[in-house]
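S.K.: Can you keep this structure in mind? I'll have questions shortly.
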Amino acid sequence: MSVFKLNLSQNEAHSTQANFITLLFLQLRPKQWTKNLLVFAALIFSNETFSFQALCRSILGFFLFCFIAGCVYILNDYVDRDADRKHPTKKFRPMASGALNPNLALSFGVVLLLGSLIVSYLLNPLLALLLLLYFVLNVAYSFKLKHVVIIDVMVIAAGFVFRAIAGGLVINVPFTPWFLICTMLLSLFLAISKRRHELLLLESSKGTHRKVLESYSPALLDQLNSIVTTATIISYSLFTFTSGNTIHLMWTIPIVIYGIFRYLYLIHMEDKGGSPEKILIEDKHMLVTVILYVISVVVILEFL
């Protein structure tokens, strides 16, 4: 009988430990990790010969960005846990629901942040500096900058640019200005689209949900998106000719144009755009477009 009780208690301990690890993993919001795939862009567009070592370093850089972003989520949820309990969906988050001890989660975040910065420093000191700047910028965004009109979308776009730069730093390859310009413009497009979706979804009570929405209007956001969309297509077209890679990259221009037009269709006709990573997974046209684009770029750069 005592042996049975001992085995039962051990099983309970293992179950509790597994549940704790699962909660910590969920706290890092893995559904958001698709954003960090941009880290691999430098590897794909690099003029350097592809190597297994570069791939491994890019994978490591991807997870470092996931962990740093996760630390921001931990801090946000720790500070907002009381308010999240009153939210219809956020109340199910690990800390807000009470399933995860806030102090333990915060301690885990500190350890994860320090560990990630140390590993990134060993890879490239500039990478560690970039990740630290990303963390500080996102914390500033969470507490202040998300309430400042226009600055809020620019900070979101800057996060994507940081990912692109990190991809180059982790494998020690230079990046072209056109590549960064394209990344910045496309990121602005996604950020503006996100704000437009939030504005339309919460128009009846926009001030009570996100204060900065009071400073936006659908007409303004549509005008900003028109400017950014045009600039993105032109910049990418110039990038294909001036990046130092093969001129055959121009054959990917129609794919990029279709992807942007498809996203605009989802924004205006299906009232989507609030979550780019969700659209990528759920909309088959966008998913096929992205896959086809990546395959086309790899084939062109490797064989043409």
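The values are calculated or read from the model by the stated rules, or taken from the named source; none is laboratory data. Being a predicted model, the structure only gives us computed values, none of them experimental. Cβ coordinates were reconstructed from backbone atoms using ideal geometry, including for glycine residues, and neighbour counts include every protein chain displayed. With ligands, DNA and RNA removed, areas are computed over all heavy atoms of the protein, side chains included. Shrake-Rupley method; radii C 1.70, N 1.55, O 1.52, S 1.80 Å.
S.K.: Pop out the ³J(HN,Hα) list for the stretch 211-224 in order, Karplus 6.51 cos²θ - 1.76 cosθ + 1.60 with θ = phi - 60°, rounded to Hz; leave Gly and Pro as x.
M.R.: 4, 5, 5, 5, 8, 10, 9, x, 5, 5, 5, 5, 5, 4
S.K.: About the Cα centre of the chain, how large is the charge dipole given +1 on each Lys and Arg Cβ and -1 on each Asp and Glu Cβ? Please answer in debye to the nearest 20.
M.R.: Details: 24 positive and 17 negative charges, 123 e Å.
So the dipole magnitude of the chain works out to roughly 580 debye.
S.K.: What do the square roots of 5 times the Cα gyration tensor eigenvalues come to for the chain, in whole Å, largest first, as semi-axes of the equivalent ellipsoid?
M.R.: Calculated on Cα positions only, the semi-axes equal 35, 27, 18 Å.
S.K.: Give a residue-ordered list of calculated ³J(HN,Hα) values for the stretch 34-43 (Karplus: 6.51 cos²θ - 1.76 cosθ + 1.60, θ = phi - 60°; whole Hz; x for Gly, Pro).
M.R.: These are the phi-based 3J(HN,Hα) values: 4, 4, 7, 5, 4, 4, 7, 4, 4, 5 Hz.
S.K.: Which whole-number value in Å² is the accessible area per residue of the chain, probe 1.4 Å? Provide the component values of the computation, followed by the final result.
M.R.: Working: 16320 Å² over 304 residues.
Each residue of the chain exposes 54 Å² on average to a 1.4 Å probe.
S.K.: Using only Cα atoms, tell me the angle between helix 284-303 and the longest principal axis of the chain; keep it within 0 to 90° and round to the nearest 10.
M.R.: 60 degrees
S.K.: Here is a follow-up. Per the 1.4 Å probe, what fraction of the accessible area of the chain, in percent, lies on carbon and sulfur atoms? Could you put the intermediate results ahead of the total?
M.R.: Working: 11320 of 16320 Å².
The C+S portion of the solvent-accessible surface of the chain is 69 percent.
S.K.: What is the Cα centroid distance between the stretch 29-94 and the stretch 95-139, reported in whole angstrom?
M.R.: Each part's Cα centre sits 11 Å from the other's.
S.K.: Over the stretch 112-168, what lengths in whole Å, largest first, do the semi-axes of the equivalent ellipsoid take, defined as the square roots of 5 times the eigenvalues of the alpha-carbon gyration tensor?
M.R.: Values: eigenvalues 112, 33, 7 Å².
Taking √(5λ) for each Cα gyration eigenvalue gives 24, 13, 6 Å.
S.K.: In what order, largest first, do Ser226, Ser296, Ser116 sit by accessible area if the probe radius is 1.4 Å? Don't skip to the answer; put the middle values down first.
M.R.: Details: Ser226 65, Ser296 25, Ser116 5 Å².
Sorted descending by solvent-accessible area, the residues read Ser226, Ser296, Ser116.
S.K.: Would you mind calculating the relative contact order of the stretch 33-126 from Cα pairs under 8 angstrom and at least 6 residues apart, reporting the percent as a whole number? Numbers along the way, then the final one.
M.R.: Working: 55 pairs, mean separation 24.8, N = 94.
Reported as a whole number, the value is 26 percent.
S.K.: Take the stretch 50-126, compute every pairwise Cα distance, and split them into 10 Å bins from 0; I just need the percent in each bin.
M.R.: Values per bin, smallest distances first: 18, 38, 24, 16, 4.
S.K.: So what's the Cα pair-distance distribution over the stretch 156-266, bin width 5 Å, in %?
M.R.: In order of increasing distance, the bins hold 2, 11, 18, 19, 18, 13, 9, 6, 3, 1, 0 percent.
S.K.: Work out from phi, with θ = phi - 60° and the Karplus expression 6.51 cos²θ - 1.76 cosθ + 1.60, the ³J(HN,Hα) of each residue of the stretch 180-196, listed in order in whole Hz, and give x for Gly and Pro.
M.R.: Those phi angles translate into 5, 5, 4, 4, 5, 5, 5, 5, 4, 4, 5, 5, 5, 4, 5, 5, 5 Hz.
S.K.: Please name which of His268, Leu186, Ile233 has its Cα lying farthest along the dipole of the chain towards the positive end, using unit charges on Cβ (Lys, Arg +1; Asp, Glu -1) and the Cα centre as origin.
M.R.: About the Cα centre, the residue reaching furthest to the positive side is His268.
S.K.: For the stretch 245-304, what ratio Rg/Rh do Cα atoms give with a Kirkwood hydrodynamic radius?
M.R.: Numbers: Rg = 13.1 Å, Rh = 12.4 Å.
We get a ratio of 1.06 for the stretch 245-304.
S.K.: For the chain, find the longest principal axis of its Cα atoms and tell me its angle to the long axis of helix 253-269, 0 to 90°, nearest 10.
M.R.: The angle comes out near 60 degrees.
S.K.: Mind scanning Lys146/Lys272; Lys90/Lys284; Lys86/Lys284; Lys194/Lys284 and naming the pairs with a C-alpha gap bigger than 25 Å? Kindly include the intermediate steps, with their values, before the conclusion.
M.R.: On the way: Lys146/Lys272 21 Å; Lys90/Lys284 28 Å; Lys86/Lys284 34 Å; Lys194/Lys284 20 Å.
The pairs that break the limit, which is 25 Å between Cα atoms, are Lys90/Lys284; Lys86/Lys284.
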